[in-house]
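Just so you know, all these numbers are worked out from the coordinates, no wet-lab data involved. Small disclaimer: the values here were computed from a predicted structure and weren't measured. So basically every Cβ, Gly included, is an ideal-geometry build from the backbone, and we count neighbours across all protein chains shown.
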Ligand SMILES: [Fe+2]
């Protein structure tokens, strides 16, 4: 199989990349969505652009302070006598009505983080959040952690910390998605290849189809709990290589940019959540590549089993529907998610994501925020360990 086909299968997320031949390159070298589309959108300030002059150094380790650990567990500031909570499934998901995100105090934001950790995802409808513009969204997200800058995706001009997904109102958009696939389903956790991947992640819909374009979420804590204790113990000894290389090449092949050199990091296969103190399965089909301790055929079988467990267990999943001005916030450490490209009309689907870094994933909380933590003894110089030496 040609390399580009393999890479397309691994991360063919065409909603985040520049597409040469359909989008435009300005005289300043900045890549933008074509003028025809720019003139039709409801929120032009949030349109994606790709500036090839943006170059960032490797992301270094930083201490992460989880806002959920600061929260009052009774949620007095978040609920404030006005909010109503409705569970969306018994396992995960809560819808909050009666409050605006824009009215939350810092204490209420901490409590929101705790609620997101506990329920996996919290959904707010009819919010004025996006009406405040990209600068507001960026500032808001900083409360939850240092914001991630994506290596390749589109961002509003001047706001590199925001990640925009934009499906053009064009039938060819669907053709690209299915050109070498039989389904748009692709479960993953965002940027798991980073040293400190995403934690509390905001995703707001600006525009979208009347129906369709739902996002599927799956709970990897519940998936772990389904396994037998003996198997859980074995999995808890393993570590996994995650890579951003294929996503970077996928962007490049479409004429896109690369803001940072691709990275490879090793994370524990089973990570422990710092707020919940619970274990979850931390592998995903988009970015996990190999279990370090196993031979490739063994690793493939085991990873496939875990992917299938998470993806096929509808009794630990939730299907989120979007309206313009819906904002969902989920914990990327415990939930996997997948887009679904299932609508027929040539309409714009436009969303913005805010992606705070979380802690470096650890198999034991004794390593939480420990800059000397190294999850596996490996002499392979290809592996970027974030500048840290093994402690063994
Ligand atoms: Fe994603």
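Note on the chain: helix-only mean residue ellipticity at 222 nm, from DSSP H runs of 4+ residues weighted -39500 (n - 2.57) and normalised by residue number, equals -6000 deg cm²/dmol. Site pair residue 312 and residue 345 shows an inter-label distance of 3.6 nm when each label is modelled 7 Å from Cα along Cα→Cβ. The shape of the chain comes out rounded: with a ≥ b ≥ c from the C-alpha gyration tensor, a/c is under 1.5.
Projected onto their three principal axes, the Cα atoms of segment 289-332 cover extents of 47, 20, 14 Å, largest first. Taking 0.36 nm per residue of sequence separation and removing the Cα-Cα distance, the residue 139/residue 102 pair yields an extension gain of 12.2 nm. Considering only 158, 255, 26, the Gaussian network model of the chain with Cα springs below 10 Å gives its largest mean-square fluctuation to 26.
For a quick check, take a GNM of the chain with Cα springs below 10 Å and name the residue from 233, 72, 219 with the largest mean-square fluctuation. Residue with maximal mean-square fluctuation among 233, 72, 219: 233. Seen through its C-alpha gyration tensor, with square-root eigenvalues sorted a ≥ b ≥ c, segment 24-89 comes out oblate because a/c lies at 1.5 or above while a/b is not bigger than b/c. Look at the alpha carbon pairs under 8 Å that are at least 6 residues apart: their mean separation over the length of the chain gives a relative contact order of 27 percent.
For segment 331-353 versus segment 232-287, the inter-centroid distance based on Cα atoms is 20 Å. Going by the alpha-carbon gyration tensor, a ≥ b ≥ c the square roots of its eigenvalues, is segment 111-269 rounded (a/c under 1.5) or, if a/c is not under 1.5, prolate (a/b greater than b/c) versus oblate? Cα axes put segment 111-269 in the rounded bin.
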